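Take a look at the structure set out below.
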Amino acid sequence: MRAERIGGSLVGIVVVSHSAKLAEGVVELARQMGGGDVALAAAGGIDDPESPIGTDAFAIKEAIESVWSDDGVLVLMDLGSAIMNAETALEFLEPPADASRVLLCEAPLVEGTVAAVATAGIGASLSEVAAEARAGLTPKIEHLAPAEAAESEATPEVARGRSIVLRVGNPLGLHLRPASRLVETVGRFDAEVRIANRTTGSDPVPARSLARVSALGVRQGHEIEVWAAGPDADAALSAISDLAADDFGDRDLPAAPPPPKAETPAVEPRSEGTVVGVGASPGVAVGPARYLRRPALEVPTGPPADPEADRQRLRQAIDAVRADIESQREQVLARAGEAEADIFTAHLLILDDEHLIGSALERIGPSTGAAEAWQAATEAVADDFRRLEDPYQAQRADDVEAVGRQVLARLLGVDPRPRMEAPGVLVADDLTPGETATLDPEMVQAIVTAAGAPTSHSAILARGLGVPAVVAAGPLEVEEGTPLLVDGTAGSVVIDPPPEQVAEARRRAEEDARRLEEARSRAAAPAVTTDGVAIEVAANIGSVEDARAAVEAGADGVGLLRTEFLYLNRTTPPSEEEQEETYRQIAEALGGRPLVLRTLDVGGDKPLPFLPRPPEQNPFLGVRGLRLGLAEPELLMSQVRAALRVAATHPVRIMFPMVSVLSEWEQVRTMVGEAAEQIGGLPDGLQIGVMVEVPSLALAADRFAAVVDFFSIGTNDLTQYTLAAERGNPELANLADALHPSVLSLIDRTCRAAAEHGRWVGVCGEAAGDPLAVPILVGLGVTELSMSPVAIAQVKDVVRRIDASDARRLAASALEMTSAEAVRQAAAAFLGT
């Protein structure tokens with residue numbers, strides 16, 4: 001290693017190569033080409049006269065420290081282990097050197113170093129020096145590339161600056177699942193795609209690497225820049241833009257309980273023998289403590305008999321685990337639903353991650369076998385996640401380690417599944433999704449984990465599987481077999497509960513189990529209150545497949561068809577014929593049940609690639625929903641005509657979103673009339689309504705009720721607009737509650753106005769599927785509840801257990817309360833839960 005510092009505080013540069021002569025030659029060339037005051041260091045070869053080719057992490061560390069500058073250090077590497085050893089070197093830097101100010105750059109070694117030195121010499125920043133290094137090949141390409149190859153893969157589009165910038169809007173940023181959807185999307189195209197976090201100034205990383213994309217630490221509100229090159233570059237960028245517009249598929253995930261406040265300890269004594277964690281899956285259970293026993297995985301060290309054979313063993317182990325995870329995904333899909341099963345799609349992508357697999361295979365050599373190499377590679381990727389500032393994204397290190405453990409167990413011939421000695425309450429530090437998915441509900445009566453969070457994949461799965469769970473409870477210092485009472489609703493664990501508490505808990509558990517089984521057996525039957533009020537329980541869907549699943553779940557119809565699925569992932573709008581055919585297929589799948597079709601609900605927060613719109617400072621308050629339809633009338637007219645044609649033969653109702661003033665309704669009603677004339681007339685019995693999402697509409701409900709056929713309340717948006725609390729902000733989760741009296745008063749106002757004019761009112765937001773909200777909504781006068789199909793059986797059961805007149809009294813008292821918490825407590829008492 002040689003270093004030379006000539007002057008002041010400029011970005012330092014380190015050249016890493018397997019060849020000491022090559023590294024020193026590149027440094028010498030760069031020094032002669034300019035940048036006289038730039039500190040340069042060469043870290044090449046290894047100290048072995050018989051085999052000098054290689055790289056040394058500690059030599060790289062010393063090189064970085066020798067050129068250290070407060071402006072940062074740029075490291076350029078040739079290939080293979082140079083990259084891995086450079087990453088390792090960062091872990092051992094000693095002050096004042098700081099790994100956060102060292103940038104490992106993927107630029108070409110020779111041209112990149114020359115360009116970097118020249119740029120650093122004029123006092124440029126670390127990011128500017130890196131950008132010039134990456135563009136180092138541009139002069140050569142432009143001089144030598146034939147004209148017909150100017151736009152081919154031979155010309156890196158990154159160097160030409162061809163890219164798109166996207167804002168990430170989903171609440172948890174690019175955590176594992178949305179990142180996996182991004183990687184899946186990229187994989188469909190013949191294009192090289194790279195992505196960078198513009199907000200944090202990260203380097204671009206390959207978009208086909210789930211680990212690298214997830215480790216960018218992209219959070220809600222961050223801007224990402226995406227570059228693409230190759231034959232499908234345009235299509236890839238368009239598809240990624242569509243995916244971002246749909247919040248990377250995170251829009252309809254089931255809500256998890258809000259995380260505890262940072263200042264709240266994970267465990268606090270509520271009373272003697274009681275610890276408090278965080279409720280992650282509702283329900284109550286009593287049973288003996290059973291500690292999870294995981295088999296020990298002893299990783300052998302030392303040289304393998306045949307490194308190539310070990311590489312093959314690793315590939316086979318990865319294939320076997322892939323089959324295991326696919327099987328787990330199918331099990332969870334059948335038992336818990338698509339959203340929960342998506343967790344395993346992300347795990348499958350970890351197994352396909354080129355960065356992870358390549359790193360592991362390259363580590364296998366004369367001194368390192370498959371198991372040791374795989375363990376080191378997965379630990380390195382997991383450490384990348386743990387360094388992220390966002391707690392949720394940092395938690396994804398657990399997913400990498402879980403998948404890594406499965407592969408490691410295969411290599412060692414060990415069954416990685418945890419074991420319980422007997423039925424009871426499973427107690428563990430934490431659970432991986434794979435472990436949770438393979439748990440037998442007959443064996444596991446409840447789950448208590450010392451760590452974890454309500455947003456963890458295991459918590460999501462526990463909820464979907466119906467197993468009561470409390471997370472973040474801290475270590476339970478009890479002996480195996482100690483009786484535990486777990487209340488997943490309250491988030492409490494009672495150690496060695498008294499007999500009266502045990503009896504009450506078992507009564508509740510038996511009643512819950514009996515009621516759920518009965519509800520499922522009667523899911524297809526109508527939901528009628530004890531005093532004869534019929535409530536239509538419908539489904540929210542977004543495809544033909546969803547319509548079939550809704551019927552199987554017992555839905556009385558569809559209360560919300562999200563038509564956006566027809567417009568996403570495409571560069572041109574769907575034809576009128578395509579729309580009509582899709583709507584007809586959905587209506588036919590429903591077998592005569594009513595279908596409420598919501599017209600296109602996109603805008604600044606959900607832009608369409610074929611419909612560019614100027615950026616908006618606050619897209620949630622901008623041109624979206626019906627506002628966009630009125631601004632683009634032919635787009636709306638095409639959809640309305642398609643819906644009207646299907647409504648001529650099926651019970652289709654049309655609903656318009658984001659209506660705020662009566663003049664908007666008057667315009668759209670005129671458009672519907674014109675569309676009807678164009679197709680031969682308005683279908684008999686057609687109902688046309690509006691979504692109640694904006695408080696101004698609810699406040700004017702008496703005037704709207706005179707002219708619309710129905711109201712459907714979107715409680716998600718109505719709540720965030722009423723309380724000025726963004727529904728995706730975890731810090732406002734307790735405030736953004738649809739059962740807040742202020743929101744309920746707007747629902748009440750809408751229902752009263754509707755009743756005076758003989759209109760019906762539905763609810764299609766998340767509140768419709770909340771059992772505690774059901775008696776309140778029924779009491780206010782709501783007659784249709786539309787929700788995720790998995791909630792239909794339980795909601796119908798709740799409806800059948802309530803008396804509408806009693807529910808009206810409950811709703812009246814709720815309107816006088818001062819908080820959503822008070823309303824929920826009253827509803828729980830009303831239902832006896």
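The values are calculated or read from the model by the stated rules, or taken from the named source; none is laboratory data. Bear in mind that the values here come from a model prediction, so they are computed numbers and not experimental data. Every residue, glycine as well, gets a Cβ built from its backbone with ideal geometry; the counts of neighbours run over all protein chains shown. Side chains are part of the model used for accessible areas, which takes the heavy atoms of the whole protein and leaves out ligands, DNA and RNA. Shrake-Rupley method; radii C 1.70, N 1.55, O 1.52, S 1.80 Å.
For the stretch 704-833, with all protein chains present and a 1.4 Å probe, just round the carbon and sulfur fraction of the accessible area to a whole percent. Each step should come with its number before you reach the end.
Numbers: 2310 of 4790 Å².
Heavy-atom surface of the stretch 704-833 belonging to carbon and sulfur, 1.4 Å probe: 48 percent.
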Seminar exercise, completed: One finds the C-alpha centres of the stretch 290-305 and the stretch 666-702 to be spaced, in Å, by 65 Å
For this session: Sort 414-426, 290-302 for me by packing, meaning the mean count of neighbouring Cβ atoms within 10 Å per residue, highest on top.
Result: 414-426, 290-302
Problem set entry | Dipole magnitude (debye, nearest 20) for the stretch 8-86, charges at Cβ of Lys, Arg, Asp, Glu | 200 debye
Seminar exercise, completed: Mean Cβ-within-10 Å packing, highest first, puts peptides 212-218, 190-196 in the order 212-218, 190-196
Problem set entry | Whole-number percent relative contact order across the stretch 667-724, with pairs defined as alpha carbons under 8 Å at least 6 apart | 36 percent
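Place the peptides 241-247, 753-759, 787-793 in order of packing, highest mean first, counting for every residue the other Cβ atoms within 10 Å and averaging per peptide.
On the way: 241-247: 20.9, 753-759: 16.0, 787-793: 22.4.
My ranking of the peptides, most packed first, is 787-793, 241-247, 753-759.
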